[in-house]
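These notes concern the structure reproduced below.
A short reminder: the numbers here are calculations on the coordinates, not readings from a lab. None of the values given here were measured: they were computed from a predicted structure. Here Cβ is always computed from backbone atoms with ideal geometry, including for glycine, and neighbour counts include all displayed protein chains.
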Amino acid sequence: MAGLRGALIVLEGADRAGKSTQARRLVEALKERGYRTEGLRFPERTTEIGQLIGSYLEKKSNLEDHTIHLLFSANRWEQVPMIKEKLRSGITLVVDRYAFSGVAFTSSKENFDLHWCKQPDVGLPKPDLVLFLKVSPEVAATRGGFGNEIYETNSFQEKVAKRYAQLMDDKTVNWKLVDASQDIENVHRQLKELSEKAIDDAKDQPIGKLWE
Ligand code: ADP
Ligand code: 2DT
Ligand code: MG
């Protein structure tokens, strides 16, 4: 299988849609099927930049809105050499949030437009598949309440949902919408099927560049 690369698979969606649950399940299932697979998440809170982000999200420090946006992007760029290396060595990466979260969240703030928000992430490795886990606020509410982090309010999450919808109009990105109000097992089966197809389609393609 030398020369065949792994796929970059991203999970996006609202709070409590099941992204983290499904990302873990997907990594395990793909491994069982014989694909070398690893999980990543953004923000990656363990790096120096990630610690600044973590502190902001936990409301322990305040950062100017452009600044935090750029830190989220930098937190992706700092992982890019590792991401490319793994993909090229044949490892499939399942990523819990990516640049789409970056744009959807910041552009939900006053005076931020989609175009400005996308620029820092232009040229990132392009996901071969973006799985959007769609869940209504009512169903999400049955999965427990919000935590105490900065963006965890109904009014902000409503704006984020609208921004995601705008991003999904972009047909240069391979979005797949999955009804995440189904039970964990059913959602998992669909994600696995879509992922296996993406791995197969990506394996002899060059790694793309996002939003270029
Ligand atoms: P996210 O990462 O999108 O915020 P999580 O994976 O952390 O969501 O899931 C939030 C909560 O909902 C967890 O308690 C999880 O066990 C539960 N959950 C996830 N998916 C489902 C599902 N399909 N049906 C019911 N509960 C779910
Ligand atoms: P979780 O760790 O629960 O997913 O919450 N966010 C994330 C941004 O504002 N910009 C980004 O670029 C990314 C990746 C979404 C992380 C929170 O951080 C927000 C929720
Ligand atoms: Mg999560």
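So here's what we get for this one:
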{"quantity": "Shape parameters for the chain, alpha-carbon atoms, Rg then Dmax in Å", "calculated": "16.6, 49"}
{"quantity": "Using θ = phi - 60° and Karplus 6.51 cos²θ - 1.76 cosθ + 1.60, couplings along region 199-212 (whole Hz; Gly, Pro as x)", "calculated": "4, 5, 5, 7, 4, 10, 9, x, 5, x, 10, 5, 6, 10"}
{"quantity": "Contour excess over end-to-end distance, with Cα ends at Lys31 and Glu193 and 0.36 nm allotted per residue", "calculated": "57.0 nm"}
{"quantity": "Nearest-20 debye value, region 105-168 charge dipole, Cβ charges on Lys, Arg, Asp, Glu", "calculated": "160"}
{"quantity": "Helix 48-57 vs. the chain, principal-axis angle (Cα, 0 to 90°, nearest 10)", "calculated": "50"}
{"quantity": "Amide hydrogen neighbours beyond the local backbone of Gly208, cut-off 5 Å, H modeled", "calculated": "Lys126"}
{"quantity": "Convex hull volume per residue for region 1-55, taking Cα atoms only, in Å³", "calculated": "107"}
{"quantity": "The chain: angle of helix 154-168 to the longest principal axis, Cα-based, in degrees nearest 10", "calculated": "40"}
{"quantity": "Prolate/oblate/rounded call for region 88-212, Cα gyration tensor, a/c under 1.5 rounded", "calculated": "oblate"}
{"quantity": "Angle in degrees between helix 65-77 and the longest Cα principal axis of the chain, rounded to the nearest 10", "calculated": "10"}
{"quantity": "Sum of side-chain charges, Glu212 neighbourhood, beta-carbon under 11 Å (Lys, Arg +1; Asp, Glu -1)", "calculated": "+2"}
{"quantity": "Above-threshold pairs, the threshold being 21 Å between Cα atoms, out of Lys126/Lys203; Lys159/Lys209; Lys19/Lys159", "calculated": "Lys159/Lys209"}
{"quantity": "Listed residue (Ser181, Thr142, Tyr56) projecting farthest to the positive dipole end of the chain, Cβ model", "calculated": "Ser181"}
{"quantity": "Largest-first principal axis extents of the Cα set of region 67-131 (Å)", "calculated": "42, 23, 17"}
{"quantity": "Rg over Rh [alpha-carbon atoms, Kirkwood Rh] for region 1-111", "calculated": "1.02"}
